[in-house]
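The values are calculated or read from the model by the stated rules, or taken from the named source; none is laboratory data. For clarity, every value in this text was computed on a predicted model and none was experimentally measured. Backbone-built Cβ (ideal geometry, glycine too); neighbour counts: all protein chains shown.
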Amino acid sequence: MFKTLKLRHLANALKSPGNSQEAYSAVLELGRLGDVKAVDLLIESLAREDGVARSAARELGKLRNDHAIQPLVALLGNPTVSQAATEALLGFGSNAVGPLLEVLKTGAAQARQAVALALGEIRDKRAVDPLVLAMQTDDSYAVRAAAATALGQLKEPRSIWVLVATLRMRDETTPERQAALEQLRQATTLALRRIGDPLAAKPPAVPATAATAATAATATNNVAAQMDPSLTEPEVHPRLTGDLRPLNKDELAEVLREVIHASEEISWAKLESREPMLPGYFKTYEQRCRAAEAVGKELHRRGGTALMRQVWEEQLEGYAAISNWWSGIGDWA
């Protein structure tokens, strides 16, 4: 009874107009209570879209009740509460990735930008492909810059090719668009540096806003030269050159994901009539096949076909080519 009366009092306090101290105190008390009803009241207070709503978002981030994820996601891009909502969602970690990816596909530009930055902070690998797609297709340079920043935080080598392609984009025809493009180039170059892959060694300085088109072209040509895998990469994947036993299951699966995305990059390159951007150890079909087989044999040694199937289904999404390359390992069919 006492708790019911207390919640009723707090609910009334949340209705106080403006950024009243009474409303702020109610938010903090609800955060301390932390039960389902308290979460519901905090979610309701998000609709205020003021300082109280920002405080409620922070409390929801601390409580990490999954029912709050969607209401917080809905606030992304709202100039009043977007930052608080973003920070709150970071507390949910991977649980927030699914709803965030939906906004990245369908949300308004400001919301997509906020989502891209949040995905980079969460560092869930499921975000890599959607962020790469945003780098290719989003009509907002600000969103692309946020996606580049996120890819740099994720440090996923298979995103390098789209970052390099971005640096080679032509200059814009209006000062406003050109300034936005320069910001994208800066974010992209920083992302390449953060990834730290041999393919991205020593990326060039970003052309200054006032730089001529010739200077920008020279810089991007230098990137292309430095990204030539034949000059920088060995014949065998670095993780497969020695004893595989120190590698854990996730590290082995990551090598397989690199193989998959090397194959997908070849398909993209054919569609775009360009040379595929691949490390030297994935240049040929035989190299990719050998890498997949080596990992498959190691997984089989550790746990037989059962472990292979678990990795294939849960971490590789049943990718058909991997199954073909594993044919003949143990009783893999």
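Worth pointing out:
- Looking across segment 42-62, the residues that are hydrophobic (A, V, I, L, M, F, W, C) and surrounded by fewer than 21 Cβ atoms within 10 Å (Cβ to Cβ) come down to Ile43, Ala47.
- Cβ pairs under 7 Å, 6+ apart, first in segment 292-312 and assigned to a helix (DSSP H, G or I), second surrounded by fewer than 20 Cβ atoms within 10 Å (Cβ to Cβ) and among the hydroxyl-bearing types (Ser, Thr, Tyr): Trp312/Ser323
- Filtering segment 151-196 to residues that are free of Cβ contacts under 8 Å to residues at least 12 places away in the same chain and β-branched (Val, Ile, Thr) leaves Thr173, Thr174.
- Any hit, segment 217-237, residues being out of contact with any Asp or Glu (no Cβ under 7 Å at 6 or more places or on another chain), at pLDDT 65 or above and of a type outside the set (Asp, Glu): yes
- Residues considered: Asp124, Asp129. Of these, the only one that is assigned by TED's automatic domain parsing to the domain that holds Leu181, closer than 20 Å to Thr189 by Cα and surrounded by fewer than 24 Cβ atoms within 10 Å (Cβ to Cβ) is Asp129.
- Any hit, segment 115-130, residues being without any contact (Cβ under 8 Å) to a residue 12 or more places away in the chain and part of a helix (DSSP H, G or I): yes
- Residue selected from segment 1-34 under the condition exposed (fewer than 13 other Cβ atoms within 10 Å of the Cβ) and in a loop (DSSP other than H, G, I, E, B), by the criterion modelled with the lowest pLDDT: Met1
- Test: residue in segment 96-110 that is in the same structural domain as Leu133 (by TED's automatic domain parsing), out of contact with any Cys (no Cβ under 8 Å at 6 or more places or on another chain), surrounded by fewer than 16 Cβ atoms within 10 Å (Cβ to Cβ) and over 17 Å from Val143 (Cβ atoms): yes
- Members of segment 57-67 that are within 21 Å of the chain's Cα centre (by Cα) and not charged (D, E, K, R): Gly61
- Pick from segment 139-153, criterion surrounded by fewer than 21 Cβ atoms within 10 Å (Cβ to Cβ) and not hydroxyl-bearing (Ser, Thr, Tyr), ranking: farthest from Leu104 (Cα to Cα): Gln153
- Among (1) part of a helix (DSSP H, G or I); (2) free of Cβ contacts under 8 Å to residues at least 40 places away in the same chain - the single one Asp243 does not satisfy: (1)
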